[in-house]
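Visitor: Handing you a structure now.
The values are calculated or read from the model by the stated rules, or taken from the named source; none is laboratory data. Remember, it's a predicted structure, so these values are computed and weren't measured experimentally. A quick note on method: Cβ atoms are made from the backbone with ideal geometry, for glycine too, and the neighbour counts reach across all protein chains shown. For the accessible areas, the whole protein counts, side chains as well, though only heavy atoms, and no ligand, DNA or RNA atoms are used. Shrake-Rupley method; radii C 1.70, N 1.55, O 1.52, S 1.80 Å.
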Amino acid sequence: MSSTLITPTFAANRVIKMSDSKKNNFTGEQTKAIHAGETPDIVSGASSPNLVMSTTFVVDANAGFSVESMEENDTWVYTRWGNPTVHQLEEKLAVLEDAETAVAFASGMGAISALLFHLLKAGDHAVISDVAYAALSEITNEMIPELGIEITKVNTSDLEAIRKAIQPNTRLIYIETPCNPLLRLTDIAAVAGIARQSGAKLAVDSTFATPVATKPLALGADFVIHSLTKYLGGHGDALGGVILGKKEDLATLRKKTSIRLGGCLSPFNAWLIMRGLATFPIRMRVHQENALQVATFLEQHPKIKRVIYPGLPSHPQYELAKRQMKNFSGMITFQMENGREQAARFAEKLQIIHYAVSLGHHRSLIFYLNSKDLLETSFKLSTHEQLQSWDYFAGEGLFRLSVGLEDAIDIISDLQQALEERS
Ligand SMILES: *Cc1c(COP(=O)(O)O)cnc(C)c1O
């Protein structure tokens, strides 16, 4: 059998980038999740996306050595500058979020820190949600202020608190909705109005909501962030993060942060996340259905003091949830007496639900959040209003449950047996 050697040429290296007209052919969310960004391999005709595990690419002798000269439609040169597999994932995510463009990162925190480093410089001020993903809270308590950047933390569901916090040098308002772990919501359109008036950019961490529930860009946000590790990847096997927004905002961000600081996503993780994304809208429907059943079960269980789920009428912001979320997602926070003892019991007795951090996977996960520790270490909530708002929503003895894709009846039975008194 004779074989033809394919000589690597500039032409073969050239990527087929999806034209805007093709993007518009995908109307349904599920069709987008399957097809957007993907193109059959030009050499083999493979239907599933190519996993290109190469750090470098054979290029034309005219190719530039500096990223400064890099243009959007240049060939691939070096994987930190761009990689065909990562590019396909970025295209798919941009279509799902109705964004002009996307930049992928090695993790959600990689994306968040890139955005902060890109937008803020010494002398600038940012208004940040006082309850948010713990690592964001921690970097904005210390690392970012050490660079001469001023941070004000407020409860962003309180619009008046945001307005009061704005200063002439406010460059960024950063919100997370629903926020981790309280599931407190922020009205994105209202905050976008405040941002516009004050000349600040608005960034929304939409990891808990996902693009099937909420489209922050359409509501006036400038940037959307997702931890791809959660619902978008969906299977608990790959870390990743993304920032989505306008091309003009993200072109320099890509050069400054992903390419130079180097927090770029591995092509292997991009491939896994793309594989997970194929079923993303279907999964979100089941996450929501299961979570509603589990939340209803927990709400009527005598041992549970309080259940917080945006899809329940008992959620303090249920009206906003209905207006802003087309899917209530699969995250439930609930409160019990003797949290620490209960945590030990869950860790020992649960058989289906894993006692583990993280969320948004096909497997159900539960974790105890020690309010006192969190308030003192990560969030550093100190004012009377901040503590009052925390207590109003939750208080002590908090559990965060990420309802997975197992049958709801099995998740409920597992919780029920773990909640039973020891005989
Ligand atoms: C997990 C998470 C992050 C961080 O993502 P990683 O991929 O773990 O770095 C950021 N924001 C929210 C809301 C998260 O749940």
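Visitor: Restricting to the range 98-109, what's the tally of residues that are within 14 Å of the chain's Cα centre (by Cα) and open to solvent by less than 20 Å² (accessible area, probe 1.4 Å)?
Guide: Here the count works out to 5.
Visitor: A follow-up question, please. Got at least one residue in the range 306-327 being open to solvent by less than 30 Å² (accessible area, probe 1.4 Å), within 22 Å of TRP390 (Cα to Cα), of a type in the set (Val, Ile, Thr) and more than 16 Å from the ligand (Cβ to nearest atom)?
Guide: Checked the range 306-327: at least one residue is open to solvent by less than 30 Å² (accessible area, probe 1.4 Å), within 22 Å of TRP390 (Cα to Cα), of a type in the set (Val, Ile, Thr) and more than 16 Å from the ligand (Cβ to nearest atom).
Visitor: When the range 322-350 is examined, which residues are found to be within 28 Å of the chain's Cα centre (by Cα) and aliphatic (A, V, I, L, M)?
Guide: Answer for the range 322-350, where residues must be within 28 Å of the chain's Cα centre (by Cα) and aliphatic (A, V, I, L, M): MET325, MET331, ILE332, MET336, ALA343, ALA347, LEU350.
Visitor: Given the structure, is ILE273 touching a Leu at 6+ places or on another chain (Cβ under 9 Å), more than 23 Å from LYS121 (Cα to Cα) and within 16 Å of the ligand (Cβ to nearest atom)?
Guide: Yes: the conditions hold for ILE273.
Visitor: Among the residues of the range 219-227, are any more than 16 Å from the ligand (Cβ to nearest atom) and out of contact with any Lys or Arg (no Cβ under 6 Å at 6 or more places or on another chain)?
Guide: There is at least one residue in the range 219-227 that is more than 16 Å from the ligand (Cβ to nearest atom) and out of contact with any Lys or Arg (no Cβ under 6 Å at 6 or more places or on another chain).
Visitor: Scanning for something among the acidic types (Asp, Glu), outside any loop (DSSP other than H, G, I, E, B), under 16 Å from LEU119 (Cβ atoms) and open to solvent by less than 20 Å² (accessible area, probe 1.4 Å), does the range 202-221 turn up at least one residue?
Guide: yes
Visitor: With respect to THR75, determine if the residue is surrounded by 14 or more Cβ atoms within 10 Å (Cβ to Cβ), touching a Phe, Trp or Tyr at 6+ places or on another chain (Cβ under 8 Å) and of a type in the set (Ser, Thr, Tyr).
Guide: Details: surrounded by 14 or more Cβ atoms within 10 Å (Cβ to Cβ): yes; touching a Phe, Trp or Tyr at 6+ places or on another chain (Cβ under 8 Å): yes; of a type in the set (Ser, Thr, Tyr): yes.
Answer is yes for this residue.
Residue-wise test of (1) under 25 Å from SER358 (Cα atoms); (2) of a type in the set (A, V, I, L, M, F, W, C).
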residue: THR31; (1), (2): no, no
residue: ALA46; (1), (2): no, yes
residue: PHE57; (1), (2): no, yes
residue: GLU71; (1), (2): no, no
residue: THR79; (1), (2): no, no
residue: VAL95; (1), (2): no, yes
residue: PHE105; (1), (2): yes, yes
residue: GLY110; (1), (2): yes, no
residue: LEU119; (1), (2): no, yes
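For (1) acidic (Asp, Glu); (2) surrounded by 24 or more Cβ atoms within 10 Å (Cβ to Cβ); (3) in the same structural domain as GLU97 (by TED's automatic domain parsing), each residue gets a yes or a no:
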residue	(1), (2), (3)
SER227	no, yes, yes
GLY233	no, yes, yes
GLY240	no, yes, yes
GLU248	yes, no, yes
LYS256	no, no, yes
LEU265	no, yes, yes
ASN269	no, no, yes
GLU289	yes, no, no
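Visitor: Which of the residues spanning the range 190-211 are touching a residue at least 40 places away in the same chain (Cβ under 8 Å) and more than 16 Å from the ligand (Cβ to nearest atom)?
Guide: Listed by number, the residues that qualify are ALA200, LYS201.
Visitor: For the range 47-97: of the residues being within 28 Å of the chain's Cα centre (by Cα) and among the aromatic types (Phe, Trp, Tyr), which is nearest to THR214 (Cα to Cα)?
Guide: So, considering only residues that are within 28 Å of the chain's Cα centre (by Cα) and among the aromatic types (Phe, Trp, Tyr), the one nearest to THR214 (Cα to Cα) is TRP81.
Visitor: Let me ask something else. Has the range 215-232 got any residue that is within 20 Å of ARG323 (Cα to Cα) and of a type in the set (Lys, Arg)?
Guide: Within the range 215-232, one or more residues are within 20 Å of ARG323 (Cα to Cα) and of a type in the set (Lys, Arg).
Visitor: Next question, about the same structure. Would you confirm whether or not the range 92-104 contains a residue that is of a type in the set (Ser, Thr, Tyr) and within 16 Å of the ligand (Cβ to nearest atom)? Before the answer, list the steps.
Guide: Looking only at the range 92-104, we keep the residues that are of a type in the set (Ser, Thr, Tyr), and these are 101.
Narrowing the set further to residues that are within 16 Å of the ligand (Cβ to nearest atom) leaves none.
Checked against the condition, which is being of a type in the set (Ser, Thr, Tyr) and within 16 Å of the ligand (Cβ to nearest atom), the range 92-104 yields no hits at all.
Visitor: Additional query: Could you identify the single residue in GLU142, GLU138, GLU160 that is more than 22 Å from ARG254 (Cα to Cα), open to solvent by 40 Å² or more (accessible area, probe 1.4 Å), modelled with pLDDT under 95 and away from the ligand (no atom under 16 Å from the Cβ)?
Guide: One residue alone meets the criteria, GLU142.
Visitor: Counting just the residues of the range 229-251 that are of a type in the set (A, V, I, L, M) and at pLDDT 95 or above, which one comes out nearest to the ligand (Cβ to nearest atom)?
Guide: So, considering only residues that are of a type in the set (A, V, I, L, M) and at pLDDT 95 or above, the one nearest to the ligand (Cβ to nearest atom) is LEU239.
Visitor: Also, quick follow-up: Which members of the range 55-81 meet the condition of being of a type outside the set (D, E, K, R) and in contact (Cβ under 8 Å) with a residue 60 or more places away in the chain?
Guide: VAL67, MET70, THR75, TRP76, THR79, TRP81 - these are the residues of the range 55-81 that are of a type outside the set (D, E, K, R) and in contact (Cβ under 8 Å) with a residue 60 or more places away in the chain.
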